[in-house]
Structures are given as structure tokens and as C-alpha cells.
Amino acid sequence: MDFKNTTALVIGCGISGVAASRLLRHAGAKVYLFDGNAELDLNAVAEKFEEAERPELLKGELPEAIKNEITLVVPSPGVPVDTGLPAEFAARKIPLLGEIEMGYLFSKGQLIAITGTNGKTTTTALTGEIMKAHSKSVFVVGNIGNPYTLEAEKTTEDSVTVAEISSFQLETIDSFKPTVSAILNITPDHLNRHHTMENYVAAKESIMKNQDAGSFCVLNYEDSYTRAFGEHLQGVKPLFFSTARVLQDGFWADDEAIFFAEGGISIEIMKIREMMLLGKHNVENVMAAMALTHAVGVPFETIVSVTKTFKAVEHRIEYVATKKGVAYYNDSKGTNPDAAIKAVEAMPGPTILIGGGYDKQNTYDEWIESFGDKVKLLVLLGQTREKIADCARAHGFTNIVMADSLEEVVRICAQNAVAGDYVLLSPACASWGMFPNYEVRGRMFKELVGKLED
């Protein structure tokens, strides 16, 4: 694509919008960087750019005269494409180009792309570390917090880019073509954005739509959606992993070890007790990372060596501290019920669980049912607290406390926990409304725990 005669509108002044604007300016495009927040400090945004690469900054309402100039629209991943300005420009037949698609257009080398409802960040981070032990030029980008457009120009033909890709980002791909992809699992999430489960599933499946015949897509055999994808693939080869059965081909695990099978012959790769990660879901994440890196030629010796020393990523069942014999865990990235279920399952003993936040139109029945005898107290805050409490009571769980702030939450947990208990922040909800993002929520939780008496 020739950007030199392009007038682009980048929507959203966050990290993705800034990176996309910079890349477009480097390519010779005229760029307007716009945000609908009329209170935004544009001087602070301007400071993120060198003067020569700075786009024209706009906020509030977009003037009609500027709308008529636009030949390309680049919405940030958090901007819905079926409403507002993106929909208006689409109706005018102005092309929409996502930030991930743009990063792909400017990058070189191999691309490993990972999506799924849960486990993306851990799998992406581990895959990146394995690739760094094998290759000299590796970039870890995408929904993990490092925009693809920020790194794309640095890549070479010898580079490997490992990308965490959200369903939002997949809505605006066109030519995006991974060398190898992964769909880890699919459970209901972001239905306020995608409207139907069918739309959400289709967005996830699209990660492999441009892959070449003979390339691989790593899939979870125990997820009904991803198993169905693999059984109906045309050209792209499925590479399955499973924690529930012995596979004839792919990666599988029992309670003791992880195995690789080919043609019905299995070899043991590593003992599960050698991992530093907790929980069955992390065994799945590890197998996915093993499959992705094996597919691009990394030796098992390297894969196992890195996996043995890999620790949990921040905000994903992250150990925080032990205070008066109580272990505190930060799972702020558990922003949907399925992720929160996995965090509860990973706790080794009696647990005080912190939940609630922004309402993404999820249901909470399976999450509540996963409590069993493990969860002794549920502390709720945020927009969804009454909805979750009603669901919990309907399932017979009544030991619930409401809170108005995270400070109050941590105080309640400390007052009710005894030595040997676990306190787990795994909200099953997004952070919006009370916090800018799950990172802020998680870091605030860690700070508050750190202030508790030892």
C-alpha cells in the first residue's frame, strides 16, 4: 500500500494510536490523530512525538471539512468499528485499516500469532522467551501491551515476531498472515462489543484465514469450538494439544508430564512439577507455546530449558506476598468468568475471592459453581456486584460482602483471612469504570497488600 498520497484519520490517542500515527508519518502519509474525549490534554499527546513525525491533533467533534479529506481510517483496537466514526466512514466506502494489519504490512520475517479468550498473555510471553533463546531478532507485540506498529520497522527477514491478538484487533485484518497461529480456547466474552457469540467465534477463527497450505494452527482439542476448527481446516494443518486424553499427534499431558506424539508414538517432554506456573490451564498454555515454537523449528531442549524457569506474567495468578500466613494472588487479568474459574482452580486451599467490575454482558453461573468448598468468602465491588451476588445466592452461595473501593476490599480480606488461606483478586469482569485498565487495578491491589502488616 502506498501511503504517500494518503490522508489518514487515526482514532484514539492511546499507545496504539500514537504508534500507528508515527508509522504512517514515517511512510509519508498526512495524519490526523483524533480522540472523541473533549477533555483530553493534546499537549501531553504531542509530547509523545518528535516534531518531524507529529500528526495534527484533534479532539471532541471532527469537523466536516476534515472528514472530506480522509482516505484511510485507522481505529485503535478499543474503538468499535460498527458504530460512530468508523461506521460513518465505512458507509462512505473509506477503507478501515487496523493497527495490527498496519504493523503486519510494515514488518518482515516470521510471524507467530496467538489468540483465544484466555491464556493469550502467558502463552505469548512464554513463546517470546523461547524464541529469544533460539533467534537473535525477536519482537513480542500486540495485545500484550507493545503495539505491533511500534516495532514493525525494526524487523528484518531474519526476525520473528510473536503477537498476542485480541478479537477486537482481528475485526480489522485483511492480509494479516501468520507463519503459525494459535487459538487457545473460546468462551463467551466481549459480547457487548461483538453482540453475538457467532460474531465473536468468527473473529477468533479469522486469525488463520490467510495462512498458506501446509502451515500450522495450534488448537485446543478439549475446546469444542477449536476442535471443530481443526476438524474442518482446508490446507492449514491443525496441531492439537490436550490435558484430557492421549493424542496420536500433537501435545498432551497427564497429571505428571507433558508428551509430544507423532504417528501414535509419544515421547515425554518434561515433568509438570518442573514448571513454575500453577494450574491445569497453565499446562495448556505451556503446551501451546511448545507447539508454536516446535512448529518453527525450535529444539525441544531449548523449549524445555526456558519453560522450566518461566514465571507467571504480571496480573495473571501472580503471587504478591504472604501476610500473617495468608498468601495473596493478583489475577487482575482474569476479566471474564472462564479466566476467573481457572484462577480459582489454581488456588491450593481455602480462598477469599475478590470479584466484580464492568459489565460485559457475561453470565456468572459456571464461575459460581466452580467455587465448591474452596471459596469461603466472596468480596464484590464495581458495576456488576449486585448481578454477581444475585447469581451466587441463586446457586446457594451466601457468604458475600460488598465493598465500595479496592482499599475497602483489601481491608475486608485481611480481617477475614486466617493463616493458611489464600486471597485471590480474579474479578471475572473488566476494570473499566473504576480503573483505566486491569494493569492499574492489579498494581493498586499489590500496593495495598504490600502495606498490610506482616
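Rounded to whole numbers, the Karplus 3J(HN,Hα) couplings from phi for segment 304-314 are 5, 4, 6, 4, 5, 9, 7, 9, 4, 6, 4 Hz, using 6.51 cos²θ - 1.76 cosθ + 1.60 with θ = phi - 60°, and x at Gly and Pro. Modelled spin-label separation between N68 and E157, with each label point placed 7 Å from Cα along the Cα-to-Cβ direction: 4.7 nm. About its Cα centre, the chain has a charge dipole of approximately 360 debye under the convention of +1 per Lys or Arg Cβ and -1 per Asp or Glu Cβ, with nothing else charged. In this structure, the amide hydrogen of T161, modeled 1.01 Å from its nitrogen in the peptide plane, lies closer than 5 angstrom to those of Q110, L111, I112, F139, counting only residues at least 5 positions away or on a different chain.
Antiparallel as a % of all DSSP beta bridges within the chain, to the nearest 5? In the chain, DSSP labels about 25 percent of beta bridges as antiparallel. The modelled label-to-label distance between E53 and I94, using points 7 Å beyond Cα along the C-beta direction, is 2.4 nm.
Summing charges over neighbours of T351, with a neighbour being any other residue whose Cβ is under 14 Å away from its Cβ, gives -1 when K and R count +1 and D and E count -1.
Considering only GluC sites (Glu not before Pro) in DSSP loops that have at most 12 other Cβ atoms within 10 Å, the longest stretch of the chain without any of them is 257-452.
Between F300 and E447, full extension at 0.36 nm per residue minus the direct alpha carbon distance yields a gain of 49.0 nm.
Each Lys or Arg adds one and each Asp or Glu takes one away; over the other residues whose Cβ falls under 11 Å from the Cβ of I183, this sums to +1. Computed from backbone phi with θ = phi - 60° and the Karplus coefficients 6.51, -1.76 and 1.60, the 3J(HN,Hα) list for segment 115-120 is 9, x, 6, 10, x, 4 Hz; x is used for glycine and proline. Rounded to the nearest whole angstrom, the semi-axes of the ellipsoid equivalent to segment 104-183, taken from the Cα gyration tensor as √(5λ), stand at 18, 15, 10, largest first. Here's how it looks for S166: its modeled amide H is under 5 Å from those of N143, which are all 5 or more places away or on a different chain. Against the set (1) 75, 47, 47; (2) 96, 59, 40; (3) 64, 56, 38, the structure's computed Cα extents along the principal axes in Å falls on (3). Full extension of the chain between E345 and M402 yields a length gain of 18.2 nm, computed as 0.36 nm times the residue separation minus the alpha carbon distance. Among residues other than A27 with Cβ under 13 Å from its Cβ, the summed charge is +1 (Lys and Arg +1, Asp and Glu -1).
Which FRET efficiency, nearest 0.05, do E268 and E39 yield, Cβ-Cβ r, R0 56 Å? The calculated FRET efficiency here is 0.45. Between K311 and R245, the simple spin-label model (points 7 angstrom out along Cα→Cβ) gives 3.8 nm.
Computed about the Cα centre, the dipole magnitude for segment 318-450 is approximately 320 debye when only Lys and Arg (+1) and Asp and Glu (-1) carry charge, each at its Cβ. The mean sequence distance of close C-alpha pairs (under 8 Å, at least 6 residues apart), as a share of the length of the chain, puts its relative contact order at 11 percent. A dipole drawn for the chain from +1 and -1 charges on Cβ atoms has a positive end, and of G382, A417, L58 the residue lying farthest that way is A417.
Stretched out straight at 0.36 nm per residue, the stretch from K136 to T363 would grow longer than its current Cα-Cα span by 77.3 nm. When the Cα positions of V81, V45, A20 are compared along the charge dipole of segment 17-89, A20 comes out farthest toward the positive end, with charges on each C-beta of Lys, Arg, Asp and Glu. Note on segment 7-97: with charges restricted to the Cβ of Lys and Arg (+1) and Asp and Glu (-1), its dipole about the Cα centre is near 340 debye. The HN-Hα couplings worked out from phi for segment 92-99 by the Karplus form 6.51 cos²θ - 1.76 cosθ + 1.60 (θ = phi - 60°) are 8, 6, 7, x, 9, 10, x, 4 Hz, whole numbers, x standing for Gly and Pro. DSSP finds beta bridges in segment 318-450, and of those with both partners inside it, around 25 percent are antiparallel.
Rounded to 0.05, the FRET efficiency of the D254 and M197 pair, given R0 = 41 Å and the Cβ-Cβ distance, is 0.80.
Contact order for segment 100-309, expressed relative to its length and based on alpha carbon pairs under 8 Å spaced 6+ residues apart, stands at 21 percent. For segment 364-407, the list of trypsin sites (Lys or Arg not before Pro) that fall in a loop by DSSP and count at most 16 other C-beta atoms within 10 angstrom reads K374. Considering only beta bridges that DSSP places wholly inside segment 205-349, some 70 percent are antiparallel.
Throughout, read-outs are computed from the coordinates displayed, never taken from laboratory work. Worth saying up front: this structure is predicted, and the values here are computed from it rather than measured. Neighbour counts are summed over all protein chains in view; Cβ atoms, including those assigned to glycine, are modelled from backbone coordinates with ideal geometry.
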